[in-house]
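Below is one structure, written out as C-alpha cells; comments come after it.
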Amino acid sequence: MCKPLFEAIERGRNDPGAAAQARWAQLEADIGSFVEGGFITEKVLKQLKPSKYEHWELISRRPKPSLRVFCRFAKPNVLVGTHVQARKELGGMWSARFEHEKLVCEEHWKQAGLPDVPAPGAFSDPPSFRYEAYVTDNATKSWRVPA
C-alpha cells in the first residue's frame, strides 16, 4: 500500500472511538481478504470506468460509513492501494470528486515510484481489460447462480 493509505489506516487504528476503530479494523479485514486469496467479485473489487486507465476500488461497505480504497494493479494479483475515501464524500459515479480521486490515485502511484505503464504484454489486457486478467485466482467479475 502507498503511504497515504497506510497513514489513514494508522489514524483509524488510533482513533479514540471504539466504533471508528471497528470501522477501520473491518477495512483492514476486507483488504486482508484479497491479500489472503479470499473469493473476489466486483462487489468487493470494482474496475472503474473507463477501464483503459486501470483504476480500481476496493469496497468496504460495512459498518457505515462505507469506504473506498482507490488502487491499481502492479501485476496480476498484486493490487496496490493508494488512498481511501468515505463513499458519501465522493458523490455519484462520474462526479467531479470521484474523477478527481482517480487522478489522486495516479499521483500516489507515481510518488511511490511505480511504473506508469506495465511492460508490453505484462498483464494489461487491452482493449477489453478483462477482470480475469488482473485477478486470476479465486475470482469472477460477477457471481451468478446457474439457471
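The values are calculated or read from the model by the stated rules, or taken from the named source; none is laboratory data. Values in this document were obtained by computation on a predicted structure and should not be read as measured data. When we count neighbours, we look across all protein chains shown, and the Cβ atoms used for this are built from the backbone with ideal geometry, even at glycine.
For segment 6-19, name all the residues that are under 20 Å from residue 70 (Cα atoms) and either small (Gly, Ala, Ser) or without any contact (Cβ under 8 Å) to a residue 60 or more places away in the chain (or both). If you could, list the steps in order and put the result at the bottom.
Quick first cut of segment 6-19, residues under 20 Å from residue 70 (Cα atoms) only: 6-13.
If the condition is that a residue be under 20 Å from residue 70 (Cα atoms) and either small (Gly, Ala, Ser) or without any contact (Cβ under 8 Å) to a residue 60 or more places away in the chain (or both), then 6, 7, 8, 10, 11, 12, 13 are the ones that fit.
Quick one: count up the residues across segment 29-41 that are of a type outside the set (Ser, Thr, Tyr) and surrounded by 14 or more Cβ atoms within 10 Å (Cβ to Cβ). Steps first, answer last, please.
Looking only at segment 29-41, we keep the residues that are of a type outside the set (Ser, Thr, Tyr), and these are 29-32, 34-40.
Still in the list and also surrounded by 14 or more Cβ atoms within 10 Å (Cβ to Cβ): 30-31, 34, 40.
Qualifying residue count for the region: 4.
Of the residues 11, 68, which is over 23 Å from residue 130 (Cα atoms) and charged (D, E, K, R)? Working first, answer last.
Numbers: 68 fails: over 23 Å from residue 130 (Cα atoms).
Every option except 11 fails the conditions.
Could you check segment 1-117 for strands (runs of 3 or more DSSP E) lying wholly inside it with 1 or more residues that are modelled with pLDDT of 95 or more and acidic (Asp, Glu)? Break it down into steps so the answer makes sense when it comes.
On the way: elements: 45-47, 56-60, 67-75, 78-86.
Output list reads 56-60.
For segment 62-75, which positions are closer than 24 Å to residue 140 by Cα and surrounded by fewer than 17 Cβ atoms within 10 Å (Cβ to Cβ)? Working first, answer last.
First pass over segment 62-75, keeping only residues closer than 24 Å to residue 140 by Cα: 62, 66-75.
62, 66, 74, 75, listed by residue number.
For segment 76-86, which positions are farther than 10 Å from residue 56 by Cβ, surrounded by fewer than 21 Cβ atoms within 10 Å (Cβ to Cβ) and in contact (Cβ under 8 Å) with a residue 24 or more places away in the chain?
Correct list: 76, 77.
So in segment 42-61, with the set limited to residues that are hydroxyl-bearing (Ser, Thr, Tyr) and more than 12 Å from the chain's Cα centre (by Cα), which one is farthest from residue 136 (Cα to Cα)? Explain how you work it out, then say what you get.
Start the filter on segment 42-61 by keeping residues that are hydroxyl-bearing (Ser, Thr, Tyr), which leaves 51, 53, 60.
Then keep just the ones that are more than 12 Å from the chain's Cα centre (by Cα); that gives 51, 53.
Numbers: 51: 17, 53: 19 Å.
It comes out as 53.
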